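Each remark here refers to the structure printed beneath this line.
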Amino acid sequence: MVILVDHRTLKLIHTSDTHLGDDWRSDLAETAFARVIDSVEHLEADALLVVGDVFDHARVPDRVLEFYLDQIARIDRPVVTLPGNHDLYHEDSLYLRRPFNNPPPNFHLLTGQSGQTISLSELGLDVWGRAMTQHTPDFRPLENMPEGGDGNWLVALAHGHFHFPEDTDLRSSPIQPEEVLGASCHYLALGHWERHCEVSQGDTAAFYSGSPLGSSPRSGHIGVNVVELDRIAGVTVNQAIIPLEGPLNPVPPEPAAVAGRED
């Protein structure tokens with residue numbers, strides 16, 4: 001059993017599928033992501049997790065890559081990015097292009113094809129994920145997740161399709177319920193779906209954040225997941241709905257009713 005001794009509560013913002021540089025509403029996608037960045041400080045979060053499909057396709061111009069990094073540089077919190085199926089990590093990945101040669105110091109990219117852990121020791125937080133090289137049924141986003149054991153929180157990032165029991169066809173980058181149930185992480189941050197959705201299994205708190213625009217039930221707003229990790233209370237996840245313009249005050253979120261893994 002992992003003993004967690006630090007009683008400080010951590011707060012994370014979880015988003016995904018920002019699709020920067022898309023071909024039909026790129027300005028709106030950038031406005032939405034800038035608002036996500038604003039929310040990190042406004043909600044007093046300790047870190048931001050961006051779980052795949054940051055960019056809409058590999059042909060986006062360097063200006064879009066620079067926009068992403070410039071936005072990250074506006075905050076002094078760690079930002080962990082996981083490649084998804086629209087922005088794969090391989091020898092021709094856009095993450096290997098010139099703008100990423102000198103990223104801001106708070107930018108962290110998961111590039112390990114078999115899995116990689118980024119340790120944010122100042123937060124007592126380990127963030128794990130597998131960089132997607134191909135979007136096929138053979139890619140298993142949760143494969144090789146470590147057990148943890150150093151007393152840090154373990155948060156896993158995964159970009160793929162959760163298979164409900166009624167699903168009959170095997171989709172690319174599949175995530176099976178039993179894999180979530182047996183996961184060693186305290187929180188599983190998911191990407192690939194545009195909507196906000198809980199897929200927790202047993203003691204494993206697992207959520208899709210949805211895209212900032214697609215997850216919000218209100219027009220003219222964005223949605224992000226607000227994840228609180230507390231040594232006593234466990235894991236709590238709420239969705240914050242934030243206006244695209246004007247004051248950042250979010251619509252009061254409804255609790256998502258999750259008591260996550262506390263060991």
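Among the residues of the range 153-181, write down those that are in contact with a helix residue (DSSP H, G or I) (Cβ under 9 Å, 6 or more places away or on another chain) and either outside any strand (DSSP E or B) or polar (S, T, N, Q) (or both).
Correct list: His163, Phe164, Pro165.
Kindly provide the set of residues from the range 200-243 that are under 15 Å from the mean Cα position of the chain (by Cα), free of Cβ contacts under 8 Å to residues at least 60 places away in the same chain and surrounded by fewer than 22 Cβ atoms within 10 Å (Cβ to Cβ), ordered by number.
Asn238
When the range 170-192 is examined, which residues are found to be of a type outside the set (S, T, N, Q) and surrounded by fewer than 21 Cβ atoms within 10 Å (Cβ to Cβ)?
If the condition is that a residue be of a type outside the set (S, T, N, Q) and surrounded by fewer than 21 Cβ atoms within 10 Å (Cβ to Cβ), then Leu170, Arg171, Pro174, Pro177, Glu178, Leu181, Gly182 are the ones that fit.
Being aliphatic (A, V, I, L, M), in a loop (DSSP other than H, G, I, E, B) and touching a strand residue (DSSP E or B) at 6+ places or on another chain (Cβ under 9 Å) is the filter here; which residues of the range 84-126 pass it?
Leu110, Leu123, listed by residue number.
Looking at Phe67, is it touching an Asp or Glu at 6+ places or on another chain (Cβ under 9 Å) and among the aromatic types (Phe, Trp, Tyr)?
Answer is yes for this residue.
Do we have any residue at all in the range 36-54 that's farther than 20 Å from Ala131 by Cβ, in contact (Cβ under 8 Å) with a residue 24 or more places away in the chain, buried (at least 18 other Cβ atoms within 10 Å of the Cβ) and in contact with a helix residue (DSSP H, G or I) (Cβ under 6 Å, 6 or more places away or on another chain)?
yes
State which residue is farthest from Asp23 (Cα to Cα) when the search covers only the range 36-83 and only residues that are small (Gly, Ala, Ser) and not in a helix (DSSP H, G or I).
For the range 36-83, the residue satisfying everything is Ala45.
Bear in mind these aren't lab numbers, they're just calculated from the coordinates by the rules spelled out. These numbers come from a predicted model, not from an experiment. Positions of Cβ are generated from backbone atoms using ideal geometry, with glycine treated the same way; all protein chains shown enter the neighbour counts.
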